[in-house]
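The values are calculated or read from the model by the stated rules, or taken from the named source; none is laboratory data. For clarity, every value in this text was computed on a predicted model and none was experimentally measured. Note that each Cβ is placed from the backbone with ideal geometry, even for glycine, and that neighbours are counted across all protein chains shown.
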């Protein structure tokens with residue numbers, strides 16, 4: 001038993017980090033505890049102070065039924081409350097319960113653990129049990145808060161008002177488990193702690209674990225001491241798990257911490273989410289402070305309300321952020337479709353790539369194209385960093401770091417990066433964030449007292465720390481956005497590949513002109529939509545004596561002639577469209593049928609218009625074609641024209657224009673060279 005005035009030694013405190021708080025075997029002395037077997041309801045454990053609060057010593061209670069402590073009516077109340085709770089580990093409290101052997105009333109707290117019904121007893125302080133008006137006002141104040149900081153401030157002020165403690169603070173825990181005081185309400189004249197940070201080991205892991213499982217922790221008097229929980233002979237050698245016990249004794253480490261902080265009483269209420277302690281509402285007093293169980297329960301409900309409001313606000317913020325990122329991704333997808341290269345679409349014309357992950361700079365390397373935007377390092381530095389990341393990380397998962405090694409950070413001019421690999425070999429997108437300078441205010445030097453023993457801090461004076469070498473941390477949303485963008489890039493690459501395949505199926509690879517398959521599709525479309533008032537002309541073009549070009553000058557020269565001839569035919573056709581075609585006509589591009597044969601459809605053109613275009617084509621082809629600095633060729637063409645006055649004549653256009661071309665070819669036109 002630790003009595004008033006005793007202080008734990010450093011040797012005792014050295015084991016704090018591994019202390020099994022839930023198996024301390026002791027409770028705070030302001031209450032008493034008994035436990036009974038769930039099956040037979042006979043008492044198996046009792047605290048050493050049951051005489052004062054229950055009216056009988058432990059040895060007299062052991063193996064006795066619960067009716068020896070509670071009257072039948074009161075026991076029936078306990079059983080009903082336990083049953084209504086669904087036999088969960090923690091059940092509703094009962095206030096103003098009468099005991100069989102002592103006068104007065106007590107408040108009873110029930111829970112079950114490991115086959116035991118645990119009954120905790122505190123003296124009733126019932127003058128404020130039924131006064132719900134302050135609780136309702138407090139709940140309304142919290143509900144009117146519209147942002148997370150407002151909720152945190154509201155819960156601090158309302159909980160302090162209900163408890164009457166000197167100070168109420170809201171701790172928010174960072175990813176590294178260190179805490180920050182984000183809201184505070186205090187008596188005038190007290191030192192302000194708002195905005196200060198404290199190290200993670202101020203709340204050891206096992207204490208955090210209990211906070212996650214239990215909503216509150218109350219210490220009315222730091223010097224009140226504790227008493228042992230004694231096991232009955234039938235439970236000899238078996239400790240009672242006190243994880244859910246409101247009266248669980250206080251660690252000597254924490255008692256010394258409270259004394260160092262000039263705190264005589266404290267009460268804390270936890271907010272946990274997804275198995276992690278996220279916030280803690282902590283109230284302190286410089287003098288002992290007694291709170292009824294009903295007030296503590298009311299505060300638990302207020303903190304639960306605040307937790308739900310914070311969760312809702314954070315969820316709304318996440319949804320808004322997700323909607324913003326989705327709109328950015330939509331713009332990036334559109335840009336990738338429109339740009340000549342995917343990397344151009346990601347980086348040209350806007351800062352969307354930076355906005356997507358809230359970065360200062362970014363680099364996109366896709367299909368061998370390297371592009372950067374914003375405050376990005378040099379290409380050599382980026383490629384070196386990308387190679388290091390690829391070598392050390394799984395290939396298909398993004399990698400984020402907000403504290404790069406000093407040498408790396410110095411070479412690239414950034415403290416953090418987010419990397420995602422793309423489908424192509426050596427393709428990636430990487431975002432960069434600058435070094436973030438922070439000035440943190442700590443409650444005492446967080447690096448002091450490194451003696452090898454885990455001692456409570458003695459100093460709570462403000463200690464300023466200048467922190468560099470890290471960027472703003474990357475969030476899960478940043479990493480997810482990077483992964484989704486990688487999918488978008490892969491989809492864009494696939495679409496481009498499919499478009500290229502489709503283009504190759506309908507276009508000539510040498511000249512880039514549509515091929516015979518494309519012509520068939522165009523003719524079918526025209527036939528389906530043709531009317532008797534839609535005349536169509538066609539020109540069939542065959543380069544004269546083209547075989548001699550290949551034979552005399554080689555196939556490279558022949559290919560050069562074909563490419564230039566195709567360019568001129570397409571150009572002349574487009575240039576003459578506004579002269580010979582009817583207004584609004586859709587002009588199909590010139591087609592390479594194969595070899596040295598080309599074909600042009602002229603919707604809406606009559607014979608005179610078709611002849612005009614044909615002559616322009618002929619004259620254009622007669623212009624010398626430069627093969628090399630030492631060689632120019634002049635080549636002529638045989639051209640046939642056909643007309644379709646009726647829709648049913650469309651399918652004959654090609655053969656009729658071909659026949660007309662052969663008539664023109666009877667006139668020999670030699671190939672000339674210069």
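Among residues belonging to region 149-202 that are touching a helix residue (DSSP H, G or I) at 6+ places or on another chain (Cβ under 8 Å) and more than 29 Å from residue 292 (Cα to Cα), point out the one that is surrounded by the most Cβ atoms within 10 Å (Cβ to Cβ).
My answer is 178.
With the checklist (1) outside the structural domain of residue 193 (by TED's automatic domain parsing); (2) touching a strand residue (DSSP E or B) at 6+ places or on another chain (Cβ under 9 Å) in hand, flag the one item residue 236 doesn't pass.
The one condition residue 236 does not meet is (2).
Mind telling me which of the residues 211, 171, 193 ends up being in a helix (DSSP H, G or I), in contact (Cβ under 8 Å) with a residue 24 or more places away in the chain and under 32 Å from the mean Cα position of the chain (by Cα)?
Within the list 211, 171, 193, the selection yields 211.
Please go through region 318-341 and pick out each residue that is within 14 Å of residue 357 (Cα to Cα) and within 13 Å of the chain's Cα centre (by Cα).
Matches in region 318-341: 318, 321, 322, 323, 324, 325, 326.
The conditions are (1) surrounded by fewer than 17 Cβ atoms within 10 Å (Cβ to Cβ); (2) at pLDDT below 90; (3) closer than 30 Å to residue 558 by Cα, and residue 510 fails exactly one of them. Which is it?
Here residue 510 meets the rest and fails (2).
Tell me which residues, restricted to region 602-627, are modelled with pLDDT of 90 or more and in a strand (DSSP E or B).
625, 626, 627
Residues that are in the same structural domain as residue 475 (by TED's automatic domain parsing) and closer than 20 Å to residue 475 by Cα: list the strands (runs of 3 or more DSSP E) wholly contained in region 348-438 that include at least 2 such residues.
Answer list for region 348-438: 361-366, 399-401, 416-421, 428-433.
With the condition kept exactly as written, say whether any residue in region 90-103 is part of a loop (DSSP other than H, G, I, E, B), within 30 Å of residue 205 (Cα to Cα) and at pLDDT 90 or above.
Within region 90-103 (the criterion being part of a loop (DSSP other than H, G, I, E, B), within 30 Å of residue 205 (Cα to Cα) and at pLDDT 90 or above), the answer is no, since none of the residues qualifies.
Restricting to region 262-295, and then to whatever is buried (at least 20 other Cβ atoms within 10 Å of the Cβ) and out of contact with any helix residue (DSSP H, G or I) (no Cβ under 9 Å at 6 or more places or on another chain), can you tell me which residue is farthest from residue 188 (Cα to Cα)?
So, considering only residues that are buried (at least 20 other Cβ atoms within 10 Å of the Cβ) and out of contact with any helix residue (DSSP H, G or I) (no Cβ under 9 Å at 6 or more places or on another chain), the one farthest from residue 188 (Cα to Cα) is 293.
Identify all residues within region 329-347 that are in a helix (DSSP H, G or I) and without any contact (Cβ under 8 Å) to a residue 40 or more places away in the chain; write none if there are none.
Those that are in a helix (DSSP H, G or I) and without any contact (Cβ under 8 Å) to a residue 40 or more places away in the chain: 330, 331, 334, 335, 338, 343, 344, 347.
For (1) exposed (fewer than 12 other Cβ atoms within 10 Å of the Cβ); (2) modelled with pLDDT of 85 or more; (3) assigned by TED's automatic domain parsing to the domain that holds residue 608, each residue gets a yes or a no:
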{"site": "488", "(1), (2), (3)": "no, yes, no"}
{"site": "527", "(1), (2), (3)": "no, no, yes"}
{"site": "531", "(1), (2), (3)": "yes, no, yes"}
{"site": "543", "(1), (2), (3)": "no, yes, yes"}
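Looking at region 14-29, which of the residues that are farther than 16 Å from residue 243 by Cα and crowded, with 20+ Cβ neighbours inside 10 Å is modelled with the highest pLDDT?
29
In region 39-59, how many residues are assigned to a loop (DSSP other than H, G, I, E, B) and either within 15 Å of residue 28 (Cα to Cα) or over 53 Å from the mean Cα position of the chain (by Cα) (or both)?
Number satisfying all stated conditions: 6.
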